[in-house]
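Take a look at the structure below.
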Ligand code: PEP
Ligand code: MG
């Protein structure tokens, strides 16, 4: 089977009824290995900038960050690279920036940290912008957004970074900016967010964790953690429809996008791109190439009628079995 899938990897990610489903890749380290996929993907849907930060001994400086980001942007150019600003806290700690909290997933995380430390965010934004000079494929993504005020603050810092660099003779284009939809509150503020940013990227890992109030890393409650819970699927379906109505492209970069059944559901809901870890690409591409958009829409409709996670899983397994 893996040989068959491998053979298909140079084929377009297109359904039998002609719908193109762009597949993108999530990156962190090892740009070389992933960049070789360039001809098979639509770009980088999520570059987790905290990953390289986790293996250094202190915050990398502007020059060092510029080098890291240039490697990503150049490696995948002209494809877009969505760079997420530092998403530490929760389960991701930097050895040189410990955060000790009773409830880390509900605490100082993502943009909450970097807005409290604008000097850290400014260095990062300046480095991203510098790295993008002459390439034009940078997109900036803001993690763990809860309030529109956080987006406004981050956008102000971005404008400041652009003008500072301009004064230093480094002229850069303003990148497209997106918000991670992973805190449930944002599901109810899409219109306000749409006025401020260019795209939405759904973090289904955290969105599931927060909608279900289940720690994504706690084995004791692992059985409850399920992105195919009817409440999560219903939230995702509404989000896709509303984003479309608002004219804001929405994609998914959480694990659900790398699961073939999940990917088909997301395609049927109308998400515009799916971003996943590189090893998931072959099986998701194969699923897209076997199932029509119409069938995927029907799958969504049938699945949304089910009221418990177990029934959803069973239904998805049955259908996937038929499509193999
Ligand atoms: C997510 O939450 O789904 C996501 C993609 O981000 P991370 O896994 O890095 O929190
Ligand atoms: Mg997340």
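Computed from the coordinates by the stated procedures, all read-outs in this text should not be read as laboratory data. Just so we're clear, the structure is a prediction, and the values are computed from it rather than from any experiment. Here Cβ is always computed from backbone atoms with ideal geometry, including for glycine, and neighbour counts include all displayed protein chains.
To the nearest 500 deg cm²/dmol, what mean residue ellipticity at 222 nm is calculated for the chain from DSSP H runs of n ≥ 4 alone, each contributing -39,500 (n - 2.57), summed and divided by the residues? Walk me through the numbers on the way to the answer.
On the way: 15 runs with 154 residues, N = 324.
One gets -14000 deg cm²/dmol as the mean residue ellipticity at 222 nm.
With only alpha-carbon atoms in the gyration tensor, what are the semi-axes of the equivalent ellipsoid for the chain, in Å, largest first?
Three semi-axes, in Å: 32, 23, 18.
Which ordering of 174, 130, 244 is given by a fewest-first count of other beta-carbon atoms within 10 Å? Working shown, then result.
On the way: 174 12, 130 20, 244 15.
So the residues, fewest neighbours to most, are 174, 244, 130.
For segment 233-283, what is the relative contact order in percent, using Cα pairs closer than 8 Å and at least 6 residues apart in sequence? Mind dumping the intermediate values first?
Numbers: 51 pairs, mean separation 20.2, N = 51.
After rounding, I find 40 percent.
By how many degrees, between 0 and 90 and to the nearest 10, does the Cα long axis of helix 62-76 differ from the longest principal axis of the chain?
In the chain, helix 62-76 runs at an angle near 40 degrees to the longest axis.
Where does each of 308, 228 land when they are ranked from fewest to most other beta-carbon atoms within 10 angstrom? Intermediate results must be reported in sequence, preceding the final value.
On the way: 308 10, 228 21.
Listing 308, 228 from fewest to most nearby Cβ atoms yields 308, 228.
Taking the chain as the reference, fit the longest principal axis to its C-alpha atoms, fit the long axis of helix 260-269 to the helix C-alpha atoms, and give the angle between the two in degrees, 0 to 90, nearest 10.
The angle comes out near 80 degrees.
Test of understanding: express the Cα radius of gyration of segment 175-271 as a ratio to 2.2 N^0.38 Å, with N the residue count. Could you put the intermediate results ahead of the total?
On the way: Rg = 13.1 Å, N = 97, 2.2 N^0.38 = 12.5 Å.
Rounded to two decimals, the normalised Rg is 1.05.
With springs connecting C-alpha atoms under 10 Å apart, model the chain as a Gaussian network and identify which of 150, 272, 57 has the largest mean-square fluctuation.
Residue with maximal mean-square fluctuation among 150, 272, 57: 57.
Working from Cα positions, state the angle (0 to 90°, nearest 10) between the long axis of helix 293-304 and the longest principal axis of the chain.
Helix 293-304 sits roughly 90 degrees off the main axis of the chain.
Please order 69, 47, 96, 210 by the number of other Cβ within 10 Å, starting at the fewest.
Working: 69 23, 47 27, 96 10, 210 17.
Taking fewest neighbouring Cβ atoms as first place, the list is 96, 210, 69, 47.
Percent antiparallel among DSSP beta bridges with both residues in the chain, to the nearest 5? Intermediate values should be presented prior to the final figure.
On the way: 3 of 29 bridges.
Antiparallel bridges make up about 10 percent of those DSSP assigns within the chain.
Which percent of Cα pairs goes in each bin when the distances of segment 111-188 are cut into 10 angstrom slices starting at zero?
That works out to 18, 51, 26, 5, 0, in percent per bin.
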